[in-house]
Amino acid sequence: RSSDLLAGCTGLHATQAEPPHTYVLDARALPGKLQIKRDLVLAVSLPRARSGFDTSQMAYLQKPHELNYFVVNQWADTPVRMLEPLLVQALEQTQSFRAIVRVPSVVTANLRLDTELIRLQQDFSTKPSKVQLTLRAQLIDITGKRVLAVKLFDDAENATSDDAYGGVLAANLLLQRELNQLADFCVNESVGH
């Protein structure tokens, strides 16, 4: 309904009859080609988020550089907290490492993956609206105390509808693609270690 979109987008107070809608990031990484298993333990740090995106509020733009948040639509948790187990799952599906552990861990790791959520927003300045997702990944050789590789994963997906739910569907498609790319990045950059 257009009144729902107006209330959700403009920041106007929703009517009391409007219940909150809570969504999850629930992308499933696709199994890739079988990789050579390495005797390495990869530690995954809790992702960080840039200012404006470390919140359970769902961000959107109507014009450049002006971040807004939906009123009755929200994430179940901050995107980075939902992202961490999905990162671990995507890396485990490669079957390329002896183990994937979360930081902090009592297990000594050889490599560490640090990630940063730079943006996750729905852009209504285009028709149809689109979701933009940007992640920065840094793979670190813990033993050698050096950065092995840094890569920016930046992509966009058109929303199936110009509302928050259309944005959620697009975000999960985007996240699935970027998780697969990020897992391949970790496998490829860990060669020779």
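Residues that are within 17 Å of residue 146 (Cα to Cα) and not hydrophobic (A, V, I, L, M, F, W, C) were ranked within segment 168-193; the one that is least open to solvent (accessible area, probe 1.4 Å) is 190.
Residue count for segment 106-125 satisfying the condition of being of a type outside the set (Val, Ile, Thr), open to solvent by 30 Å² or more (accessible area, probe 1.4 Å) and within 30 Å of residue 38 (Cα to Cα): 2. Taking the criterion of being of a type in the set (Gly, Ala, Ser), crowded, with 21+ Cβ neighbours inside 10 Å and over 15 Å from the mean Cα position of the chain (by Cα), would at least one residue in segment 82-96 satisfy it? The answer is yes, given that some residue of segment 82-96 is of a type in the set (Gly, Ala, Ser), crowded, with 21+ Cβ neighbours inside 10 Å and over 15 Å from the mean Cα position of the chain (by Cα).
Return a yes/no flag: does segment 145-153 have any residue that is open to solvent by less than 70 Å² (accessible area, probe 1.4 Å), outside any strand (DSSP E or B) and at pLDDT below 95. No, segment 145-153 has no match at all. Of the residues making up segment 158-193, those that are within 17 Å of the chain's Cα centre (by Cα) and of a type in the set (Asp, Glu) are 178, 184.
Inspection of segment 83-95 finds no residue satisfying the criterion of being among the hydrophobic types (A, V, I, L, M, F, W, C) and assigned to a strand (DSSP E or B).
Here 54, 39 are screened, and the one residue that is within 18 Å of residue 137 (Cβ to Cβ), open to solvent by 30 Å² or more (accessible area, probe 1.4 Å) and modelled with pLDDT of 60 or more is 54.
Scanning segment 4-11 for any residue that is modelled with pLDDT of 95 or more and assigned to a helix (DSSP H, G or I) turns up nothing.
Among the candidates 152, 111, 139, 120, the residue that is touching a residue at least 40 places away in the same chain (Cβ under 8 Å) and closer than 14 Å to residue 182 by Cα is uniquely 139.
Taking each residue of segment 157-181 that is in contact (Cβ under 8 Å) with a residue 12 or more places away in the chain and looking for partners that are open to solvent by 50 Å² or more (accessible area, probe 1.4 Å) and of a type in the set (Lys, Arg) with beta-carbon atoms closer than 6 Å, six or more apart or interchain, yields 158/130. Can you confirm whether segment 112-131 contains a residue that is in contact with a strand residue (DSSP E or B) (Cβ under 7 Å, 6 or more places away or on another chain), more than 25 Å from residue 59 (Cβ to Cβ) and at pLDDT 95 or above? Checked segment 112-131: at least one residue is in contact with a strand residue (DSSP E or B) (Cβ under 7 Å, 6 or more places away or on another chain), more than 25 Å from residue 59 (Cβ to Cβ) and at pLDDT 95 or above.
The values are calculated or read from the model by the stated rules, or taken from the named source; none is laboratory data. Note that the coordinates shown come from a computational prediction; the quantities given were computed from them, not determined experimentally. Reconstructed Cβ throughout: ideal geometry from the backbone, glycine too, with neighbour counts over all protein chains shown. Accessible surface areas use protein heavy atoms only, side chains included; no ligands, DNA or RNA. Shrake-Rupley method; radii C 1.70, N 1.55, O 1.52, S 1.80 Å.
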